[in-house]
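Heads up, the thing below is written out as structure tokens.
Rule-based calculations on the coordinates, nothing more; no lab input. Source: prediction; values computed, not measured. Glycine also receives a Cβ, built like all others from the backbone with ideal geometry; neighbour counts cover every protein chain displayed.
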Ligand SMILES: *Cc1c(COP(=O)(O)O)cnc(C)c1O
């Protein structure tokens, strides 16, 4: 059996999303900047997609900027506000310790340019509070950037409350909503969001396309110089097929959100409850305030990498943290941020589901994962020391 349980890394494209691309690859392939009829047809499709995406978040079409994905949207959003902050002598930014690297590394770059960055503690539950944000805001704060839902442990942040605090203080609020878009309800006005990043491939759309919402009145700066595309804010011929497909995937995800979440939650809870029975294991992140799709656990005495390789041999596609951290031997910064010690953080497993998963696949994982954990522990010198009492169990 092959089980794909790595939907936080990327999702399979839906049939609808694939179908939505085809006309712009085959027939309407003209450049939307061209004045001829096919070009104008492409321009109309682009305009239509922008309106459809805007509608999904309750904003205006002119507040949507298409990008090459979530990373670019995060970079552009944060750097745009930083530019303004620099000009006004406001060089303080607030974020959290467990943001995606697209945010954290952008903030690191700004730190080198003289910005002061406050990374809020997310505590063992993996949640920040509006009060924490409020306390951290200073007169020189130009930006607060807090992710909507965490990509590793799935915890959902109180975005409306954080947005309200920012609005009251006159500070711009950006949220990396890449894990939330299409999975949680978003209304940028109701939730006091000034800027928001999304990525199509996290909701069954294509890779390499995303969007940045920017509330009107906030000045956007270019990352990519070039033509007048995206109202002069991002040079480069538009990825029409990708953009139209993203709009369709997003509408579809939102239309079926409640139904999908209900199905996914039922499977996820059964999976999480079953795996929790494995001794000396712990669930990472708050159990309630989390995406319905996410399970993240640590198992004492084993290496996450070995676990993934063995699960892969059993046909289970999982992850130890984010796709971006695997490949490096450093433990996940997210697990460290919620206070997991290094040796525990190394033994992590993330399973992320979607509506295409089945109850049979959950049964299969509930059979294989405890077996593989037990197998690896039997071979582990660390586990032997724990069992013989030469080391103390941490979990
Ligand atoms: C996947 C992801 C990104 C990056 O999006 P890309 O489109 O792959 O660049 C950013 N933030 C979060 C929370 C993500 O999950």
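Data overview
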| read-out | value |
| --- | --- |
| Relative contact order (%) - criterion: Cα under 8 Å, at least six apart; region: segment 159-296 | 18 percent |
| Prolate/oblate/rounded call for segment 232-380, Cα gyration tensor, a/c under 1.5 rounded | prolate |
| Cα long-axis angle, helix 359-379 against the chain (0 to 90 degrees, to the nearest 10) | 50 degrees |
| Exposure proxy order (Cβ contacts within 10 Å, fewest to most) of 166, 56 | 56, 166 |
| Angle in degrees between helix 15-26 and the longest Cα principal axis of the chain, rounded to the nearest 10 | 40 degrees |
| Shape of the chain, Cα gyration tensor, a/c cut at 1.5 | oblate |
| Residue 231/residue 367 FRET efficiency (R0 56 Å; Cβ-Cβ; nearest 0.05) | 0.55 |
| Estimated inter-spin distance, residue 189 and residue 109, nm [label 7 Å along Cα→Cβ] | 3.3 nm |
| Cα gyration tensor shape for segment 66-127, rounded if a/c is under 1.5, else prolate or oblate | oblate |
| Reference-scaled alpha-carbon Rg (2.2 N^0.38 Å with N residues) for segment 230-308 | 1.67 |
| Ascending count of other beta-carbon atoms within 10 Å, so fewest first, for 297, 379, 246, 289 | 379, 289, 297, 246 |
| Most mobile listed residue (262, 26, 51) in the chain, GNM with C-alpha springs under 10 Å | 26 |
| Over 22 Å [Cα-Cα, segment 1-74], rounded percent | 41 percent |
| Nearest 10 degrees, 0 to 90: helix 101-112 Cα axis against the chain principal axis | 70 degrees |
| Residue 116 versus residue 392: modelled label distance in nm, points set 7 Å from Cα along the beta carbon direction | 3.9 nm |
| Per-residue [θ]222 nm for the chain (sum of -39500 (n - 2.57) over DSSP H runs n ≥ 4, rounded to 500) | -13000 deg cm²/dmol |
| Over segment 220-372, relative contact order from alpha-carbon pairs under 8 Å, at least 6 apart, % | 24 percent |
| Share, in percent, of DSSP beta bridges within the chain that are antiparallel, nearest 5 | 55 percent |
| Cβ-derived FRET efficiency at R0 30 Å, residue 278 paired with residue 358, nearest 0.05 | 0.85 |
| Mean separation of Cα contacts under 8 Å (6+ apart) over length of the chain, as relative contact order % | 22 percent |
| Separation of the residue 266 and residue 88 label points, Cα + 7 Å toward Cβ, nm | 5.0 nm |
| Residues 237, 11, 175 arranged by fewest to most Cβ contacts within 10 Å | 237, 11, 175 |
